[in-house]
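Working notes, beginning with the structure itself.
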Amino acid sequence: MGFYSDDIIKEVQDRADILEIVSEYTSLKKRGDSYIGLCPFHSEKTPSFNVDVEKKLFYCFGCGAGGNVFTFVMNKENLSFPEAVRYLADKYKVPLPESMNSKLSQEFKEKREFYRVNRLAAEYFKLCLFHTYEGKKALAYIKKRGLTRDTVEKFFLGYAPPSWDGLIKFARKKGIDCATLEKVGLVIARKDKKGYYDRFRNRLMFPIEDVTKNIIGFGGRALDDSMPKYLNSPDTPLFSKGDNLYALSKIEKDPSLDVIIVEGYMDCVALHQHGFRQTVASLGTALTKKQAQLLKKYTAGVILSYDADVAGQAATERGIEILAQEGLRVKILSLPEGKDPDEVVKEQGPQYFQKLLDASLDFISFKLQRAKHGINVNTPDGKLRYIKKAVDILGQLESEPEMEVHIKNLAEELDISPQALKKEVYRKKLANNGLQYKNSQIRYNNKEFNKILQVTGFYKAERKLLKLIIDNDTFYRNIEEKIDERYFTNPKTKKIAMVLFDIIRQNPDGKIDVAQLFNYLDEEGCAELSSIMATEQAELVSQEHIDSLVAKVKEGYFKESILKVREQLKQAEILGNREEINYLLNMYQQLKAEMDELISHSTPGKEGA
Ligand SMILES: [Zn+2]
C-alpha cells in the first residue's frame, strides 16, 4: 500500500462512518442487523445492497460488489487506495503525516482541478455548438447523421470552432491558464515557445468520461477533410487511450446483458439512440487487456462489431483473443461489407440490426470462417488445407462439449467422418499442451488444472472455514497445525487465505479485524470476502464438525493435485520424457498416500456443511 502506515489506515477506518459515506450515494433502511438499499454500483429496482455497520462492510447480492469503506470510495470516486485514505482522513479530521500528506494532497488536488477544467471545456464546446455561427455547420452534420437533441445532451456533444485560441480565451476568463490546459491536452505549445493554440479545431467533440462520470479526455471528429478524421486527447495524467472505453459510464452493470463494442464514437452514439444502450466504443486503438478487465466488471459477454474491411477484421481477431483471455464470452457481428454500424442502423432500422446481433457468430465459428476465406473447399487440396487450419483452431478449445459441436458441424460441412476429425484435433491439442507444459516450468501452476477446480463442495468448505476463522478469534489455534493457505484451491478463497493466515502468524494473539483484511486484497478478493461475510453461515458447533470441515478442504486440495499430476503424467508420457515421468509418478504416490491417510482419519460422508 505504500504511503500510509497500518496504524494510520486503521485510525481512518475506525473513524470513518461507512453508513454516512454510503448514504451519500444511496438511501439506506435498517433491516435487522444491517442496512439495505438500492445498489450504487448497478441499476436495480429492488434493494440488494447491504451495509453491515458493526463489521464496517458492504455487499451487494445483485452484482457481487463488496468491501470496506476504502473500497467503497475507491470505486465510487475512482480513487487509488492512498487517495481514498486521504479523502476519508480529510472528511473525518484524522491528521496525516505531513510529508506524504502534502505530496498526495497536491496530486489529489491537481487531479480534481483537471476534471474541472475538462468539464468547463466540454461546456464551452457545447456552447459553441448551439450558440455560434460556425456551430450551425456542426448542427447540420449532427442532423444529417440523424442524432436527436436528447442524444446530443446525453453524450454532452459539442463543437470546437475553427479558431486557434477560442478555448484559450474562454478558459482565461474562468481563471484557467494555458499551462493547465496543456496538461489536460486541450492546447498545444507553439514551436517557437511563444504561446499556445487550441488542439481541437472545427471538430465535433465527444467528451470521454471515466466510470465515475469525470471527463478525462475528448475525441474530436473532423467536419472537413482534415486529417486525422478522429483526433483524441493525447495521454495525460487523466487519460490514456488503452485504459478506457467510450460510453462505459452510460451502460448498465449486468452480467446477463451483452455489451456491443464498436470502433467509432458516432457508431456508439447512434446505437444508443436506436435502443442499443449496452454499447461502448474502443478509442481508436486495438483492444487492450485493461479494457477487457474493465468490461468484465460490467458483463459476461461481448459482441464485437468492427468494420468488415481487412483492417477491421484483423483488429477483430486480435480483440477476440484479448477479450477471451479475460474470460469474456465473445461473439462477432458481421456487418455488410463497407458499412459501419451507424449506417446500418440508420438505413435498415433497429430491427435489422437486432437480427444481425442475433446472428452474430461465436468466436470459433468466426475464426473458422476467416480461415476458409480464399480456399475452395470443393477441391481435395482445398479441403485438406482448410482442415489443417480448422484443426489448429479447434485444438485451442478447452471445453469438450464446445469442441464436439464444432467438430460435428465441420464434419458435416466438409462431408468427412467426425471421428477422424476428432482424432486430429486431439492430437493437435496434446501437442499444444505438451508444449505449454514444457514452457511453463512451474509444476503447480498448470492452466489446464485450474480449469478443473469448479468443485462446489470444496469451495463451499473453504468459504465456511474462512468465515469460522474470521468470526472466532481463538478458533485458529484449534486448527493451525492442521491447515494453512496452501490447501485452498479456489483462486479467490486462496487470495483471502494467504492474507488471513499471514496476519494471524504475524500477530497470533490479536483480534482479526475483518474490515482491515480488505486493505490487503484486490478487487476480486474484496468481492469474495464480502460475499463470504454476508452469505456464509458458520457456527462453532463441535470439534468433530470443525475437523470434518478441515478434512473437506484438504480433500479438495489432494483431489485437485492428484488430478493435475495425472494430467501432467499423460503429457509427459506422450512426449516420452522419462525423467519427468518418474518425478511425477513419485509425486503421485506421495499425494495418494496423504489422501488415503486423510480419508482413514475423517468421518466419511460428512461435509461440515
Ligand atoms: Zn450491486
(request) Would you work out the charge dipole size for the stretch 221-301 about its Cα centre, treating the Cβ of every Lys and Arg as +1 and the Cβ of every Asp and Glu as -1, and quote it to the nearest 20 debye? (result) 300
(request) Determine the gain in length on full extension of the stretch Gln419-Lys289; use 0.36 nm per residue of separation and subtract their C-alpha separation, reporting nm with one decimal. (result) 43.1 nm
(request) Using only alpha carbon pairs under 8 Å that are at least six residues apart, calculate the relative contact order of the chain and give it in whole percent. (result) 9
(message) Over the Cα atoms of the chain, what radius of gyration and what Dmax do you get, in Å?
(response) 28.5, 87
(message) With unit charges on the beta carbons (Lys and Arg positive, Asp and Glu negative) and the dipole taken about the Cα centre of the chain, which residue among Val499, Asn244, Ile512 sits farthest to the positive side?
(response) Asn244
(request) Subtract the Cα-Cα distance of Ser80 and Asp473 from 0.36 nm times their separation in residues, and report this length gain in nm to one decimal. (result) 138.4 nm
(message) What is the sum of charges, Lys and Arg at +1 and Asp and Glu at -1, for the other residues whose Cβ falls under 10 Å from the Cβ of Phe41?
(response) +2
(request) Among the listed pairs Lys290/Lys367; Lys460/Lys495; Lys45/Lys331, give every one whose C-alpha distance is greater than 26 Å. (result) Lys45/Lys331
(request) Please work out the Cα convex hull volume for the stretch 22-105 and give it in Å³ per residue. (result) 97
(message) If you average the alpha carbon positions of the stretch 483-535 and of the stretch 149-191, how far apart do those two centres end up, in angstrom?
(response) 47
(request) Apply the Karplus parameterisation 6.51 cos²θ - 1.76 cosθ + 1.60, with θ equal to phi minus 60°, to every residue of the stretch 489-503 and state each ³J(HN,Hα) to the nearest whole Hz, in sequence, with x for glycine and proline. (result) 9, 6, x, 6, 5, 4, 4, 5, 4, 4, 5, 4, 5, 5, 4
(request) Could you work out the per residue convex hull volume over the alpha carbons of the stretch 451-601, in cubic angstrom? (result) 126
(message) Which residues among the stretch 464-496 fall inside the zone where the amide N is under 12 Å from a point 7 Å beyond the Cα of Gln543, along Cα→Cβ?
(response) 478-479
(message) Given points 7 Å out from each Cα along the Cα-Cβ axis, report the Leu139 to Asp224 separation in nanometres with one decimal.
(response) 2.1
(request) Express in nm, to one decimal, how much length is gained between Phe130 and Glu182 on full extension, taking 0.36 nm for each residue of separation and deducting their alpha carbon distance. (result) 16.2 nm
(request) Could you size up the charge dipole of the stretch 1-73 around its Cα centre, putting +1 on the beta carbon of Lys and Arg and -1 on that of Asp and Glu, and report it in debye to the nearest 20? (result) 360
(request) For Glu400 paired with Lys45, estimate the spin-label separation in nm (one decimal), with each label point 7 Å from Cα along the Cα-to-Cβ line. (result) 4.3
(request) Lys and Arg at +1, Asp and Glu at -1: add these up for the other residues within a Cβ distance under 15 Å of Ala300 and post the number. (result) -1
(request) Out of all DSSP beta bridges with both ends in the chain, state the antiparallel percent to the nearest 5. (result) 75
(message) For the pair Asp14/Leu585, report the inter-label distance in nm, with labels modelled 7 Å from Cα in the Cβ direction.
(response) 6.1
(request) Excluding Ile375 itself, calculate the net charge of residues whose Cβ lies under 13 Å from the Cβ of Ile375, where each Lys or Arg counts +1 and each Asp or Glu counts -1. (result) +4
(request) With +1 on each Lys and Arg Cβ and -1 on each Asp and Glu Cβ, and nothing else charged, work out how big the dipole of the chain is about its Cα centre, in Debye to the nearest 20. (result) 1980
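We did not get these values from a lab; they are worked out from the coordinates using the rules stated. Bear in mind the structure is a predicted one, so any value in this text is a computation, not a measurement. Heads up, the Cβs are rebuilt from the backbone with ideal geometry, glycines too, and the neighbour counts pull from every protein chain shown.
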